[in-house]
1. What is the residue count in the range 296-313 for residues that are over 30 Å from LEU93 (Cβ atoms) and either surrounded by 15 or more Cβ atoms within 10 Å (Cβ to Cβ) or touching a Lys or Arg at 6+ places or on another chain (Cβ under 9 Å) (or both)?
2. For the range 314-326, give me the residue count where each residue is modelled with pLDDT under 95 and surrounded by 15 or more Cβ atoms within 10 Å (Cβ to Cβ).
3. Across the range 247-262, what is the number of residues that are touching a residue at least 40 places away in the same chain (Cβ under 8 Å), of a type in the set (A, V, I, L, M, F, W, C) and either buried (at least 24 other Cβ atoms within 10 Å of the Cβ) or within 19 Å of GLU296 (Cβ to Cβ) (or both)?
4. Identify the single condition in (1) surrounded by 21 or more Cβ atoms within 10 Å (Cβ to Cβ); (2) more than 23 Å from the chain's Cα centre (by Cα) that LEU93 does not satisfy, given that it satisfies every other one.
5. How many of the residues making up the range 1-41 are of a type in the set (Val, Ile, Thr) and not in a helix (DSSP H, G or I)?
6. Would you check if ALA174 is surrounded by fewer than 18 Cβ atoms within 10 Å (Cβ to Cβ) and in contact (Cβ under 8 Å) with a residue 24 or more places away in the chain?
7. Can you name every residue in the range 229-246 that is crowded, with 24+ Cβ neighbours inside 10 Å, closer than 19 Å to GLU278 by Cβ and not small (Gly, Ala, Ser)?
8. Please pick out the residue among GLY184, GLY190, GLY160 that is farther than 20 Å from ILE239 by Cα and either at pLDDT 95 or above or of a type in the set (A, V, I, L, M) (or both).
Amino acid sequence: MCSADALGGGEVHVRQLVEELRRHGYDVAVAGRKGGPLRLDHELPLRNALDFGSARRLRRIVREGRFDIVHAHLARDYPIAAAALLGLPGPRLILTRQLLHRVRWTPLYRRVDGWIATTAGIERSLGHLRPKRVAVIPNWVDTAKLPYRERPIHNPFVVGLLGQVSPHKGHDEAIDAVRLLGTGFRLLVGGTGRDDYVASLRDRSRGLPVEFPGFVETSGFLEAIDVLILPSWEEPFGIVVLEAMAAGVNVVATNAGGPPAVLDQGRAGLLVPPRDPEALAGAVRRLASDRDLARELARRARQRVVEHYDIAQVVPRIVRFYDASS
């Protein structure tokens, strides 16, 4: 179940989970909002977290389909899914949490059989809910679709920042870092955001080698850059980090939230403090000048993704969690 109306990392996560479960022979149906990015088997209004008309319709779908698991992925869908299953003893309710923000408690969550947190920090943020069962199961990538290779260095050296264009993602700090780096470096900012904030970033970067191509495909973006930066003040996970690691693109991320664990505490990429343009610039300069280090970090990053974050490794953990939550 996913009420998203636009395609982002979380929605790709849901789509890939559905495809992988079906590939292994599971009967999976998708419920969501009409006009959304997912191919739906059941359309629901899903207007907001208090849309109990959607809860009644979902309850009928679950009973008629005799489903064993209901798995919801967005916070606004949690209460609807829980209300739909009240008094139904058979189906198990699983909720995935991708964000660090505290979940507001409601008595409906007593109906939840299990929570999946994508990082240990998110798991800790769920403690006040006193969940029956919780497991840390990370996001993933399909490494078969992200071939690894050593990449020639661009001239100038291209720094990439990809994702939602928003202040907490560290775009201001990234521009300040480019100013500190000076000649020989260029910043490519992929993604979309509020028009007024993007305009302010353009003003801030006037006279600097900074480009804003807007929405871009991840694969093409990774081909165009030499290092991916994630200067977020606090990042829950960062799927784009996994994509870069799998493809052989070096990563510099802030040491707040999920990236330290993903980057093996700095052994598969460089970590810097949040809101520190000088440290960010220093890490980028280090990778640009020390090619042996860059190659070794890229090799370790690919190996780490294959061993811990490949879809073939992670989805079976979700299936085992389904079974354990019965």
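The values are calculated or read from the model by the stated rules, or taken from the named source; none is laboratory data. As the structure is a prediction and not an experimental result, all values here were calculated from the model. All Cβ positions, even for glycine, are placed from backbone atoms using ideal geometry, and neighbour counts span all protein chains on display.
1. 8
2. 1
3. So the answer is 4.
4. The failed condition is (2).
5. Residues that pass the stated criteria total 2.
6. No: the conditions fail for ALA174.
7. Answer for the range 229-246, where residues must be crowded, with 24+ Cβ neighbours inside 10 Å, closer than 19 Å to GLU278 by Cβ and not small (Gly, Ala, Ser): ILE229, LEU230, PRO231.
8. One residue alone meets the criteria, GLY184.
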